[in-house]
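Here is the structure we will look at.
Only the coordinates and a few stated rules stand behind these numbers; no lab work does. For clarity, every value in this text was computed on a predicted model and none was experimentally measured. Neighbour counts are summed over all protein chains in view; Cβ atoms, including those assigned to glycine, are modelled from backbone coordinates with ideal geometry.
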Ligand code: DAH
């Protein structure tokens, strides 16, 4: 019987040599030393052993239990270490690799420009308001004194949504919408997107305008010139050169366009200014009495001026960008510069 114990130890030992993982070793322990294990089974037979040999048998079986238990413990420890260093090896981080660059978002140059322009007019007491981009023909044209079939409609290559509904071609319709809702004094600016089918180095089918309107008693053309001159000197500095050029808009009388000396070539002539040295940045004028009639203002009592300026054009000049289309291509390398 004592021999059985030695055989068991030898068998368990041999098996132990072949095992690698923690799971295998734990099940080996159960197989030999567990409550239903092989060593326990042998001990149950102690009754058939002659009395004088029982003490030896018991002693030896305890020894074998300890020996086996110790060996399994050692093997377990090794298995766990092995697993840990394998894991570490597999998950190794190469700290010498270059890190991934963090990309910071920025406000789009047009947004920066719009905010700057709005801030200047806010300081002058103008309120910022908005209007819809999908607009009724009535507000985009008719109430601005541009009746159907009027040749002035050709000035603005219109996208039609359906009969009577357009993508607004300018921000001027917001004038009418606001005057309908308020009595003078009115002092608003209205920034937003506008649409025309037009595309070249200085035109994109979608672009941005800011409309301005001031209506009160006794407003004159001198007020218009004063406000706009102040505005451009705020944006471009006190050295800025402007010129007011007589023009025509159906909704203003008299009308003037404002040109600014080209900042890119300093007036010598370049691609952006069409070799003229000047860039048209704004249309303006005294609100036509015909427009006041649509909103029930009395032209004998109040007068006003209005203007519409291209935000993108101003951004172009301010940041020295030579192609308007760059603003809308969303090339990160371009946008990151602002
Ligand atoms: N709406 C005109 C355009 O887009 C610009 C304009 C001209 C607006 C004169 C005005 C104005 O308010 O008085 O071409």
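Of note:
- Principal-axis tilt of helix 22-33 within the chain, Cα atoms, nearest 10 degrees: 30
- Computed from the C-alpha gyration tensor, the three semi-axes of the ellipsoid equivalent to region 109-335 are 27, 21, 16 Å, from longest to shortest.
- Global form of region 134-243, assessed from the alpha-carbon gyration tensor, a/c cut-off 1.5: oblate
- The alpha carbons of region 284-338 give a radius of gyration and a Dmax of 19.0, 55 Å, in that order.
- Potential lengthening between residue 91 and residue 247 on full extension [0.36 nm per residue; Cα-Cα distance subtracted]: 48.9 nm
- Whether region 205-338 is rounded, prolate or oblate, judged on the alpha carbon gyration tensor where a/c under 1.5 counts as rounded: prolate
- Against the main long axis of the alpha-carbon atoms of the chain, helix 221-236 sits at an angle near 30°.
- If R0 is 56 Å, the Cβ-Cβ spacing of residue 67 and residue 106 corresponds to a FRET efficiency of close to 0.15.
- With viscosity 1.567 mPa s and temperature 4 °C, the Kirkwood radius over alpha carbon pairs of region 1-78 converts through Stokes-Einstein to a diffusion coefficient of 100 µm²/s.
- GNM top mover of 132, 184, 50 - the chain, alpha-carbon springs below 10 Å: 50
- By other beta-carbon atoms within 10 Å, ranking 162, 116, 257 with the fewest at the front produces 162, 116, 257.
- Cα gyration tensor shape of region 1-46, rounded if a/c is under 1.5, else prolate or oblate by comparing a/b with b/c: oblate
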